[in-house]
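Trainee: The structure's right below; bear with me while I get my questions together.
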Amino acid sequence: MSSLGLVGDIANSALSAQRYGIEVTSHNIANVNTEGYTRQNPIYEAKLPGSYGTLILGRGVDTSTVRRISDQFIENQLMQQKSSLSSFEEMEKYIKVIEGIFNENSQTSISNMMADFWNLWQDISNNPAGSPERGALYEYSSQFAEQFNTLDMSMNQVEINLTSSISSGIGKINQLTSEIAKTNGQIVGMESGGLANDLRDKRNELISQLSGYIDVKSFEQDNGTITVVTARGCVLVNGNDSSDLALGGVNGNRVEWQGSGGATTDITGYITNGKLGGWLDMRDKILAKYQLDMDSLAKEFAWSVNQQHSQGVGLSALSAVTGTYAAIATDQAVSTVDSGLDYYSKINVGSFNLWVYDATGAVVGPGATTVNIGAATTLEDLEIAIDAVNANINASITTDNTFSITAVNGYTFAFSKDTSNVLAALGINTFFSGSSAGDISVNDSISSNTDAIAAARVGTDGAFASGDNVNAIAMSNIQNASMPISIWTCDRINGNTEGSVTSSLEGYYHSLAGSIGTKSAGITSSKSFNEVMYQNLSGLRDSISAVSLDEEMTNLIKYQHAYSAAAKLISIADEMLQTLLSVK
């Protein structure tokens, strides 16, 4: 090749190289505001030299590739931080809702209403026969029970909302993994002759969005595809294929990975970050504990009041009473789980006194009949024992397996000294029905007749007076009494574990409400920390990969000048050629 031809070739390669530089710079400028775009630079290499006589001369420049300017380590750290931040953002949103549900600043908070409930029993003790006091206690107790119900219903709605978010989040995850797999295929198809930078940006942005929903790790394969893995090593994307997540399990609330051949893997307990991890933590760990603890409080509150109430008597003896707690098996010992009673564990080996009064109100017989409750006593045994007391007192088991006692021929009856707790466990002569925050309510027998509020106790001779306040005083003293109350630990892997703490009812609730505030503050603090970390990593990523208009304008001028110089070189080569031609 002649030296003039070499100059022309070098000039042409320079023109092409600088044109590519201008085109890449233009592309960068055009995408300055494109989310997830990574700036690109042309990579130049000197062409292999050639031999010209005794000389080895350069042959110009090649544009070997256009490279994305990124640091994969920073990208991976940023995605992990985004996953963590997204989790705390969702958790903060829901913990604020839960704080609002408990709202300790409200007059209708559980703590305020519980304090007023005990005060109303004190009012009853000051005037046991007073109709206004009894009416006020009934009305307020109904409102108090409804507040328990409302709180439970509100928490259940939060649970429903969380499950809905989980379901929609899984749908979004499946959509993203499908798009990532599709983009993998497009990249393989285009990269036979170079890097598909814009498709790689698109895939990177899709993985970033995915990490906002679930914690993932990604690995690039030799063919340029990305493999995406989540909890328990479950592969979400492998080449052109993606695997879905779905809700499954017995209750349809577990997150399952759908493997090949229909195989599923429960990964609920292993998803730690992303929106999905935050929703699962809120539903199965944080909210579940508050729901169970509130049920424990309501159960122990109802029991404490009922156990004391069952020891007393209202303004008159009873003519009929039906229990509010149903058994599952009437032929099983009432103190065992097989009986199916809500409060079976509260029943002891002991006894209670059954007093019977004739139509004139006089005690029948020499005194009370002692009904014994043994370790093997069944509901059917209790029916037989009470039927044997007096022909005018009939015991029966209803069709829904509650226990009923009815007096006939004008007779009435009352109870005293129940050391077995069987009356309260059956809901006989009790104040509340229900055994959880969702179903606690004032007993129908109180709702229909406030005279049935048991402020008094039956004396040793069977007598009781309307001015007797012994049971009402004992009831108001429950306010400061300490008792074992169940407390729960909830975990997505190990499930729910029941423990116990000794506390007053109000102390237990204050601790529960305080823990919600502490949890909320902790989540907010963690979110703020993760925000700072994410912003720092974003800034670091942008300093490496983001488009700087100042830098691109500098590059544009640089490439323009180089292009002009290459064009001038062609002009000079042409002039030299014309000179040679004119000599000939």
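What follows draws every value from the coordinates through simple rules; no lab data is involved. For clarity, every value in this text was computed on a predicted model and none was experimentally measured. Cβ atoms come from the backbone with ideal geometry, glycine included; neighbour counts cover every protein chain shown.
Trainee: Taking a ≥ b ≥ c as the square roots of the eigenvalues of the Cα gyration tensor of the range 197-246, is the shape rounded (a/c under 1.5), prolate (a/b larger than b/c) or oblate?
Mentor: oblate
Trainee: Short version: what are the Cα gyration tensor semi-axes of the range 262-359, square root of 5 times each eigenvalue, largest first, in whole Å?
Mentor: Sorted largest first and rounded, they come to 45, 18, 11 Å.
Trainee: Which helices pass in the chain if a helix is a full DSSP H run, must span at least 15 angstrom along its long axis by Cα, and must have mean Kyte-Doolittle hydropathy not below 0.0?
Mentor: Helices passing the filter in the chain: 3-30, 549-583.
Trainee: With N denoting the number of residues in the range 104-146, provide Rg(C-alpha) divided by 2.2 N^0.38 Å, to two decimal places.
Mentor: 1.17
Trainee: For D62 and T227, FRET efficiency with R0 = 22 Å and r from the beta-carbon atoms, rounded to 0.05?
Mentor: E(calc), rounded to 0.05, equals 0.10.
Trainee: Taking all pairs of distinct Cα atoms, average 1/r, flip it, and tell me the Kirkwood hydrodynamic radius of the chain in Å to one decimal place.
Mentor: Its Kirkwood hydrodynamic radius stands at 30.6 Å.
Trainee: A further question follows. Report the Rg/Rh value for the range 398-515, based on alpha-carbon coordinates and the Kirkwood definition of Rh.
Mentor: Here Rg/Rh amounts to 1.04.
Trainee: Can you pull the semi-axes for the range 310-409, root of five times each eigenvalue of the Cα gyration tensor, sorted largest first, whole Å?
Mentor: 25, 14, 12
Trainee: Here's a follow-up. Given 25 °C and 0.890 mPa s, how large is the Stokes-Einstein diffusion coefficient of the range 274-318 in µm²/s, with Rh as the Kirkwood radius over Cα pairs?
Mentor: 184
Trainee: As a test of the formula, what do you get for the chain when each DSSP H run with n ≥ 4 contributes -39,500 (n - 2.57) and the sum is divided by the residue count, at 222 nm and rounded to the nearest 500 deg cm²/dmol?
Mentor: Only helices count here, giving -17000 deg cm²/dmol.
Trainee: Specify, per residue and in Å³, the volume enclosed by the convex hull of the alpha carbon atoms belonging to the range 457-584.
Mentor: Convex hull volume per residue, Cα atoms: 218 Å³.
Trainee: Can you classify the range 352-408 as rounded, prolate or oblate using the Cα gyration tensor, where a ≥ b ≥ c are the square roots of its eigenvalues, rounded means a/c under 1.5, and otherwise it's prolate if a/b beats b/c and oblate if not?
Mentor: Because a/c hits 1.5 or more and a/b fails to exceed b/c, the range 352-408 counts as oblate.
Trainee: If you project the alpha carbons of the range 341-480 onto their three principal axes, what span does each projection cover, largest first, in Å?
Mentor: 42, 37, 28
Trainee: Grab the Cα-Cα distance for E146 and S571, subtract it from 0.36 nm times how many residues apart they are, and report the gain in nm with one decimal.
Mentor: Going from the current span to full extension adds 143.7 nm.
Trainee: Using 0.36 nm per residue of separation minus the Cα-Cα distance, give me the extension gain between E498 and D550 in nm, one decimal.
Mentor: My answer for the length gained is 12.4 nm.
Trainee: Once you compute Rg and the Kirkwood Rh from C-alpha atoms, what is the Rg to Rh ratio for the range 1-102?
Mentor: On the Cα set of the range 1-102, Rg over Rh gives 1.40.
Trainee: Next question. Mind listing P(r) for the range 117-227? All alpha-carbon pairs, 10 Å bins, whole percents.
Mentor: Computed distribution, short to long bins: 12, 24, 14, 10, 9, 9, 9, 8, 4, 1.
Trainee: Sticking with this one: If you take the C-alpha gyration tensor of the range 26-175, multiply each eigenvalue by 5 and take the square root, what semi-axes do you get, largest first, in whole Å?
Mentor: The three semi-axes for the range 26-175 are 77, 13, 10 Å.
Trainee: List the extent of the Cα atoms of the range 233-312 along each of their three principal axes, largest first, rounded to whole Å.
Mentor: Largest first, the range 233-312 extends 74, 25, 14 Å along its Cα principal axes.
Trainee: Continuing with the same structure: Taking the Cα centre of the chain as origin and charging only Cβ (+1 Lys, Arg; -1 Asp, Glu), how large is the dipole, in debye to the nearest 20?
Mentor: Charge dipole of the chain: 2300 debye, to the nearest 20.
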